[in-house]
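Taking it in order: structure first as structure tokens, then the write-up.
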Amino acid sequence: MSFTIATWNINSVRLREPLVLKLLQEEAPDVLCLQECKSPVDKMPTEGFAALGYTHMIANGQKGYNGVMILSRLPMVDMGRHDFAGLGHARHVAAKLENGVTIHNHYVPAGGDKPNREINEKFGQKLDYLTDMRDDFRANMPERSILVGDLNIAPREDDVWDHKKLLKVVSHTPVEVEALAEVQEAGNWVDDTRADITEGKLY
């Protein structure tokens, strides 16, 4: 069974509910994954989504920060939430569709302003999150899975406007790029977009 999937950092699903409804009406993906929902699960808007046929929702939320949601027109089973790096943040949720495909929706920590964990706790949290992801995939190799989300890392030179100028800027530093590559290798993940569009800027 083929299906379509979209992913979007919504930066408050309650505040931007009209934009989500617009996307669902105009693009109509079978599955929509949202990050940075910034809402407890019981406060996330569902009626408008359900009215458009998105009657299935699995989410991991918290008040004012983080939060991830999977909306679907297709039935799905809740596959849980992992607290990567033990941060106590709502940054991951997983669901399995009836065709056996598991969707992992991640919101990786942004990492703050300084790319140095000694002076920036948030950068350390980001690296720890990625390390925990890597180790989890090594221990539990994903099968028939899709990973989406806001990973907060631009790994390639043509993923940014100026590679050399951004080498010391959080989201494009070598240590982050290497950590993401280890996550990708551990789970045998394929960058689907770059498999199709191998060269050029995509932002």
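Every number here is computed from the coordinates shown, using simple stated rules; none is lab data. Remember, it's a predicted structure, so these values are computed and weren't measured experimentally. Counting neighbours? That spans all protein chains shown, and the Cβs are built from the backbone with ideal geometry, glycine included.
Data for the structure
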item	result
Qualifying residue in the range 4-17 (condition: surrounded by 14 or more Cβ atoms within 10 Å (Cβ to Cβ), touching a residue at least 24 places away in the same chain (Cβ under 8 Å), in contact with a helix residue (DSSP H, G or I) (Cβ under 7 Å, 6 or more places away or on another chain) and among the β-branched types (Val, Ile, Thr))	yes
Flag for residue 153 being within 30 Å of residue 2 (Cα to Cα) and either in contact (Cβ under 8 Å) with a residue 40 or more places away in the chain or not charged (D, E, K, R) (or both)	yes
Residue within the range 74-83 that is surrounded by fewer than 22 Cβ atoms within 10 Å (Cβ to Cβ), touching a residue at least 60 places away in the same chain (Cβ under 8 Å) and touching an Asp or Glu at 6+ places or on another chain (Cβ under 7 Å) present	yes
Residue check for residue 65: surrounded by fewer than 21 Cβ atoms within 10 Å (Cβ to Cβ) and hydroxyl-bearing (Ser, Thr, Tyr)	yes
Which listed residue is among the aliphatic types (A, V, I, L, M), out of contact with any Phe, Trp or Tyr (no Cβ under 6 Å at 6 or more places or on another chain) and assigned to a helix (DSSP H, G or I), from 15, 23	23
Meets criteria (in contact with a strand residue (DSSP E or B) (Cβ under 7 Å, 6 or more places away or on another chain) and either surrounded by 15 or more Cβ atoms within 10 Å (Cβ to Cβ) or outside any helix (DSSP H, G or I) (or both)) for residue 149	yes
Pair list, Cβ under 7 Å, 6 or more apart: the range 87-114 residue under 20 Å from residue 170 (Cα atoms), other residue of a type in the set (Ser, Thr, Tyr) and in a strand (DSSP E or B)	91/107
Residue 109 assigned to a loop (DSSP other than H, G, I, E, B) and out of contact with any Lys or Arg (no Cβ under 8 Å at 6 or more places or on another chain)	no
Scope the range 29-51; condition of a type in the set (D, E, K, R) and either under 15 Å from residue 10 (Cα atoms) or surrounded by fewer than 17 Cβ atoms within 10 Å (Cβ to Cβ) (or both); matching residues	36, 38, 42, 43, 47
Residues that are among the aromatic types (Phe, Trp, Tyr) and either within 27 Å of residue 3 (Cα to Cα) or over 16 Å from the mean Cα position of the chain (by Cα) (or both), drawn from the range 126-145	137
Verdict on residue 190 being assigned to a loop (DSSP other than H, G, I, E, B), touching a Pro at 6+ places or on another chain (Cβ under 7 Å) and of a type in the set (A, V, I, L, M, F, W, C)	no
Condition met for residue 164 (without any contact (Cβ under 8 Å) to a residue 60 or more places away in the chain, more than 30 Å from residue 3 (Cβ to Cβ) and crowded, with 17+ Cβ neighbours inside 10 Å)	no
Residue count, the range 116-146 (criterion: charged (D, E, K, R) and either part of a helix (DSSP H, G or I) or in contact (Cβ under 8 Å) with a residue 60 or more places away in the chain (or both))	9
